[in-house]
Amino acid sequence: MGVDRESIPSVVERVRPVSVGAPVVGIHFLKETAVFVLGEEALLLAARDGEPERVAVHGGAILSSASDGGRVVTGGDDGKVVSTDVKGNNETVATDAKRRWIDHVAVGPSNAVAWSAGKQAFAHTGKGVEKSIEVVSTVGGLAFAPKGLRLAIAHYNGASFWFPNAKAEPDTLEWKGSHLGARFSPDGRFLVTSMQEPMLHGWRLDDRKDMRMSGYASRVRSLDWTADGKWLATSGSTQIVLWPFGGKDGPMGKQPQLRAPSEHQAEVVACHPKQGVLAVGFADGIVLIVRTDDGAEILGKRPGDSPITALAWSASGKLLAFGTESGEAEILDLA
């Protein structure tokens, strides 16, 4: 039996299409300017008013991106880490000595930047000093803790905590399997990694208690925390899966809440920066805006010809941008 969304409220008339001409692999906002990360070579900066500006940043594919709201940092298969501001000015943060692919990037406090190539992770601490470390396998993901200069590095059989400014050896959290992403909770109490298997793993950091979050149909490629930090929203199923993190035990011994059931895979989730609302993009090109407490839905984009590959809210929560595998890109103005 199909899911009927013909009768739900719609805001599709508020959508502005943006011509990007390439697959969209990421989206970030710099104030009210949407930055579409394209699969090859360039970023497209789309301000609220005016024509979009295409900015060349790499000499090949863009493999990773991150933003702190003041800049977008990208990693490419040209071995470069590049930082771009809202005016389209960019600078090369680093060039890998062996010209290896820059698989992952992360941004942190005090202008810190981290990136990885193969088994090595690097950090630029904002003071002009570059540090590096080698882990047991190819780096699967990077994340800075909310406070302090501490970097989580996901890899095979667990994750390592690295303090780039300290001489001490990294601290390792162990769990068998391939860990392919890392995210700290907003309060810094939990670390969650996505896995090669259709599951998540987490640790409560004060006592290293393990948390398994399973039951997915496929690998979880997108996860985001709600504004209050009480829920972790994830893809990996034909609906949004919301894990409870409001209590001291996180999701241990608890079942997730399920929202926005569909016949199609939920590909990308993005939580509103201020309210109990999130956006979800599906494999059939639909975008829904969903209220976390009761699951009420608003249609943000009708079905398209390819999956949603990126979603992002502006810091004000008034703009939502989305892009697809086939190069369809739009900005929804909710002001």
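Some notes on this structure:
- Per-residue Karplus couplings for the range 74-80, computed as 6.51 cos²θ - 1.76 cosθ + 1.60 with θ equal to phi - 60°, are listed in order as 10, x, x, 7, 8, x, 10 Hz, Gly and Pro entered as x.
- Between the range 12-30 and the range 201-243, the Cα center-to-center distance that results, in Å: 27 Å
- Dipole magnitude of the range 4-46 about its Cα centre (Cβ charges: Lys, Arg +1; Asp, Glu -1), debye to nearest 20: 160 debye
- The range 108-171 - percent of accessible surface contributed by carbon and sulfur, probe 1.4 Å: 49 percent
- Placing unit charges on each Cβ (+1 for Lys and Arg, -1 for Asp and Glu) gives the chain a dipole about its Cα centre, and among Ser67, Ala312, Val55 the Cα reaching farthest toward its positive end belongs to Ser67.
- Of all accessible heavy-atom area on the range 242-335, the percent that carbon and sulfur account for (1.4 Å): 48 percent
- When only Cα pairs below 8 angstrom with a gap of at least 6 residues are kept, the range 18-141 shows a relative contact order of 15 percent.
- Look at the dipole of the chain built from charges on Cβ: of Met199, Val24, Ala270, the Cα furthest out on the positive end belongs to Met199.
- Counting protein heavy atoms only, the range 35-98 has 42 percent of its accessible area on carbon and sulfur, 1.4 angstrom probe.
- For the range 252-335, a crude dipole built from +1 on the beta carbon of Lys and Arg and -1 on the beta carbon of Asp and Glu, taken about the Cα centre, is about 420 debye to the nearest 20.
- Computed over the range 136-245, relative contact order equals 15 percent, with contacts defined as Cα pairs under 8 Å that lie 6+ residues apart.
- Solvent-accessible heavy-atom area per residue, rounded to whole Å², over the chain at 1.4 Å: 44 Å²
- Look at the dipole of the chain built from charges on Cβ: of Val220, Gly236, Gly128, the Cα furthest out on the positive end belongs to Gly128.
- Charge dipole (Cα centre; +1 on Lys/Arg Cβ, -1 on Asp/Glu Cβ; no other charges) of the chain amounts to roughly 980 debye.
- Radius, Kirkwood style, for the range 74-135 when every pair of distinct Cα atoms is counted (Å): 11.8 Å
- Across the chain, C-alpha contacts under 8 Å between residues 6 or more apart give a mean separation that, scaled by the residue count, equals a relative contact order of 14 percent.
- Cα-based Lys pair tally, the range 130-255, threshold under 20 Å, eight or more apart or on separate chains: 11
- Candidates Val15, Val72, Val107: whichever shows maximal mean-square fluctuation once the chain is modelled as a Gaussian network with Cα springs under 10 Å: Val15
The values are calculated or read from the model by the stated rules, or taken from the named source; none is laboratory data. Treat the numbers as computed from the prediction; the structure is a model and nothing was measured. Note that each Cβ is placed from the backbone with ideal geometry, even for glycine, and that neighbours are counted across all protein chains shown. Side chains are part of the model used for accessible areas, which takes the heavy atoms of the whole protein and leaves out ligands, DNA and RNA. Shrake-Rupley method; radii C 1.70, N 1.55, O 1.52, S 1.80 Å.
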